[in-house]
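Notes for the one structure printed next.
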Amino acid sequence: MHLTQKTVLVTGSSRGIGKAIAHAFGKAGCRVVLNASRSQIQLEQTQKELEQMGVPCLSVLADVSAYTACQDMFAQIHDTFGSVDILVNNAGISHIGLFTDMAPADWQHILAVNLESVLNCTHLAVPDMVHKKDGVILNISSMWGSVGASCEAVYAASKGGIHAFTKSMAKELGPSGIRVNAIACGVIDTEMNACFTDKERLDLMDDIALMRFGKPEEVADLAVFLAAKTASFLTGQIITLDGGML
């Protein structure tokens, strides 16, 4: 599935799902822009891996929850590759605990990283896409944004906001030939889910029809499919990738 000479920005791409997505787009022929907020060593390692594959690559350390940092990042992208053709809003953090045990600063941070980062990067990517009458925006979300999650209320709220934003922007940008979709991930085997005990992992698997966690590469394969012309009539969708979560 080739996306030759397209420029893709993948936020939160130094590890986990974001890294797998960056690799998949690189293999599909894209110029790849990597991003992380703090993990510079991992970011540089991911860039090295992509460049060894012959992928044109730029890495930018930037906190995408801050609009000014996003402005600086997009300026670097313009100087190196020009405009962004495919935006993958993947950056995110999780929090497990009772809502009443959280402080306002806790939920403000989660909403900023998970939801405001999507608004920031979309706001900066869209003008060029509208000018070209072409572009793809893909938001990496969670099934909890659709069904809610006990002890992850603010995380679920941030992902529910992404779902509403995805559907709204698909309607707003469709006349300009820009497609906007989201992947609502189930339990994917990443560092974010390393907090579970062995028993908790087994209990979770009992609720998944396929009896296993998803792989980051499976999210990445779906992301590339959604960005390619094979999905050219698909927009405004929240696609659940959860292995048949019961």
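Here's the yes/no breakdown for (1) in contact with a helix residue (DSSP H, G or I) (Cβ under 7 Å, 6 or more places away or on another chain); (2) open to solvent by less than 30 Å² (accessible area, probe 1.4 Å); (3) without any contact (Cβ under 8 Å) to a residue 12 or more places away in the chain:
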site	(1), (2), (3)
Ile21	yes, yes, no
Ala24	yes, yes, no
Ala36	yes, yes, no
Lys48	no, no, yes
Gly54	no, no, yes
Ala66	no, no, no
Met73	no, yes, no
Ile86	yes, yes, no
Ala91	yes, yes, no
Tell me, please, whether a residue that is of a type outside the set (Phe, Trp, Tyr) and under 20 Å from Leu222 (Cα atoms) can be found in the range 195-208. yes
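How about the range 195-246: which of its residues are open to solvent by 60 Å² or more (accessible area, probe 1.4 Å), assigned to a helix (DSSP H, G or I) and free of Cβ contacts under 8 Å to residues at least 40 places away in the same chain? Give the derivation first.
Residues of the range 195-246 open to solvent by 60 Å² or more (accessible area, probe 1.4 Å): 195, 197-200, 202-203, 206-207, 209-212, 215, 217-218, 221, 225, 229-230, 232-233, 237, 240, 246.
Cutting the leftovers down to assigned to a helix (DSSP H, G or I) gives us 198-200, 202-203, 206, 217-218, 221, 225, 229-230.
Within the range 195-246, Asp198, Lys199, Glu200, Leu202, Asp203, Asp206, Glu218, Lys229 meet the criteria.
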Could you list all residues from the range 8-19 that are of a type outside the set (D, E, K, R) and crowded, with 23+ Cβ neighbours inside 10 Å? Val8, Leu9, Val10, Thr11, Gly12, Ser13, Ser14, Ile17, Gly18
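In contact with a Ser or Thr (Cβ under 7 Å, 6 or more places away or on another chain) and open to solvent by 20 Å² or more (accessible area, probe 1.4 Å): is that true of Asp106 in this structure?
On the way: in contact with a Ser or Thr (Cβ under 7 Å, 6 or more places away or on another chain): no; open to solvent by 20 Å² or more (accessible area, probe 1.4 Å): yes.
Against the criterion (in contact with a Ser or Thr (Cβ under 7 Å, 6 or more places away or on another chain) and open to solvent by 20 Å² or more (accessible area, probe 1.4 Å)), Asp106 does not qualify.
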Determine which single condition Gly54 fails, assuming it passes every other condition in (1) under 25 Å from Ser176 (Cα atoms); (2) in a loop (DSSP other than H, G, I, E, B); (3) at pLDDT 95 or above; (4) more than 18 Å from the chain's Cα centre (by Cα). (1)
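Is it true that some residue in the range 156-178 is under 28 Å from Trp107 (Cα atoms), touching a His at 6+ places or on another chain (Cβ under 9 Å) and surrounded by 21 or more Cβ atoms within 10 Å (Cβ to Cβ)?
Quick first cut of the range 156-178, residues under 28 Å from Trp107 (Cα atoms) only: 156-170.
Okay, now just the ones that are also touching a His at 6+ places or on another chain (Cβ under 9 Å), so none.
Scanning the range 156-178 turns up no residue that is under 28 Å from Trp107 (Cα atoms), touching a His at 6+ places or on another chain (Cβ under 9 Å) and surrounded by 21 or more Cβ atoms within 10 Å (Cβ to Cβ).
Does Asn139 satisfy the condition of being closer than 24 Å to Arg15 by Cβ and touching a Cys at 6+ places or on another chain (Cβ under 7 Å)?
Values: closer than 24 Å to Arg15 by Cβ: yes; touching a Cys at 6+ places or on another chain (Cβ under 7 Å): no.
Spelling it out, it is not the case that Asn139 is closer than 24 Å to Arg15 by Cβ and touching a Cys at 6+ places or on another chain (Cβ under 7 Å).
The values are calculated or read from the model by the stated rules, or taken from the named source; none is laboratory data. Bear in mind the structure is a predicted one, so any value in this text is a computation, not a measurement. Note: ideal-geometry Cβ built from the backbone for every residue, glycine included; neighbour counts use all protein chains shown. Remember, those area values only see protein heavy atoms, side chains included, never the ligands or the DNA or RNA. Shrake-Rupley method; radii C 1.70, N 1.55, O 1.52, S 1.80 Å.
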